[in-house]
Amino acid sequence: MENKKVNILGFDFLNSSFNDFMDKIKERINQRQNTFVVTANPEIVVAALNDNQYAETIKKADYLVPDGVGIVMGANILGSDMSERITGYDVLLDLLAWGNQNHKSAYFLGAKPEVIADLKTIIPQKYPDLSVAGYHDGYFNDSDEIAAEIAQNKPDMVFVALGFPKQEYFIEKYRQQNDGLWIGLGGSFDVLSGHVQRAPQFWINHRIEWLYRLIKEPTRFKRMLALPKFIRLVKKQNKQK
């Protein structure tokens, strides 16, 4: 896979099909290559523009992928042919199925205790041949202890669902302790466990999944304001080109 990139507001986003990206990630996992993936939406980009430490952290990722439809819109405004989102949740489902078929191991970190409790039931049922290297919810005081457990168990994949920027800071700090995949997944465990319902396919196909989530969780409104701000900034970048 050729690493085609689109620079959006100073961040180099991968421009790839979902399938090509997954092939590359699986190849890297098989080779035990240390890989840091950031699944970013406009909210993450706007946050990074206002926080140098966070910006530097996500720029260290091996792959910055377009999780939100707003990123694809931004790339198109800049004249790119980007057409596909690569969402954290879709990556997670694909890797769980592949990991199950190929007897890979995974560590699950993040979300509320009740979400992790349900995952402990769901994962062995749905993916019986996936080896689980450990589970830990997102409420902890000693991150070194968790990193030590990950390093000891050597999982092929570390799924970190702490929300941004916490998940990216955690990965950047500890990734060198275990080779393999490290990926930030936001609220993906909530959906996988059934605690949060993902938008039906119609909404996803029409690129209005964000609207479905807003209807279901009106408290997200303030966070959604990042999208118009992001689009304004991209239009400004395009003019300056």
Review point. Considering Val45, Val6, which residue is open to solvent by less than 30 Å² (accessible area, probe 1.4 Å), in contact with a strand residue (DSSP E or B) (Cβ under 9 Å, 6 or more places away or on another chain) and part of a helix (DSSP H, G or I)?
Key: Val45
**Study point:** Condition check for Gln177: without any contact (Cβ under 8 Å) to a residue 24 or more places away in the chain and not charged (D, E, K, R)
**Key:** no
Check your understanding: Just a yes or no: is a residue in segment 72-84 closer than 17 Å to Trp182 by Cβ, touching a helix residue (DSSP H, G or I) at 6+ places or on another chain (Cβ under 6 Å) and not in a helix (DSSP H, G or I)?
Key -> no
Review point. Taking Ile58, is it closer than 30 Å to Pro128 by Cβ, assigned to a helix (DSSP H, G or I), among the β-branched types (Val, Ile, Thr) and open to solvent by less than 30 Å² (accessible area, probe 1.4 Å)?
Key: no
Check your understanding: Say we look at segment 163-179 and pick out the residues that are in contact with a helix residue (DSSP H, G or I) (Cβ under 6 Å, 6 or more places away or on another chain) and outside any helix (DSSP H, G or I); which of these is nearest to Leu96 (Cα to Cα)?
Key -> Asn178
Check your understanding: Would you say Asp94 is touching a residue at least 60 places away in the same chain (Cβ under 8 Å), among the charged types (D, E, K, R) and in contact with a helix residue (DSSP H, G or I) (Cβ under 6 Å, 6 or more places away or on another chain)?
Key -> yes
Practice item. May I ask you to list pairs of residues, at least six apart or on different chains, whose Cβ atoms are under 6 Å apart, with the first in segment 2-23 being more than 18 Å from Gly88 (Cα to Cα) and the second being in a strand (DSSP E or B) and open to solvent by 30 Å² or more (accessible area, probe 1.4 Å)? Key: Lys5/Asp12
Exercise for review: Name, by its number, the condition in (1) outside any helix (DSSP H, G or I); (2) under 15 Å from Leu181 (Cβ atoms) that does not hold for Ser16.
Suggested key: (2)
Exercise for review: Filter segment 186-204 down to the residues that are assigned to a helix (DSSP H, G or I) and modelled with pLDDT of 75 or more, then identify the one that is surrounded by the most Cβ atoms within 10 Å (Cβ to Cβ).
Suggested key: Phe189
**Study point:** Tabulated pairs, segment 54-73, first modelled with pLDDT under 95, second open to solvent by 20 Å² or more (accessible area, probe 1.4 Å) and assigned to a helix (DSSP H, G or I), C-beta under 6 angstrom, 6+ apart or interchain
**Key:** Gly70/Leu227
Revision key, fill the gap. Residue set Asp137, Asp144; condition of a type outside the set (Val, Ile, Thr), at pLDDT 95 or above and surrounded by 18 or more Cβ atoms within 10 Å (Cβ to Cβ); output residue Asp137
Review point. Would you say Tyr89 is open to solvent by 30 Å² or more (accessible area, probe 1.4 Å), part of a helix (DSSP H, G or I) and touching a helix residue (DSSP H, G or I) at 6+ places or on another chain (Cβ under 6 Å)?
Key: yes
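The values are calculated or read from the model by the stated rules, or taken from the named source; none is laboratory data. A quick note: this is a predicted structure, and the numbers were derived from the prediction, not measured. No Cβ is skipped: glycine too gets one built from the backbone with ideal geometry, and neighbour counts run over all protein chains shown. Keep in mind that these areas ignore ligands, DNA and RNA; they rest on the heavy atoms of the full protein, side chains included. Shrake-Rupley method; radii C 1.70, N 1.55, O 1.52, S 1.80 Å.
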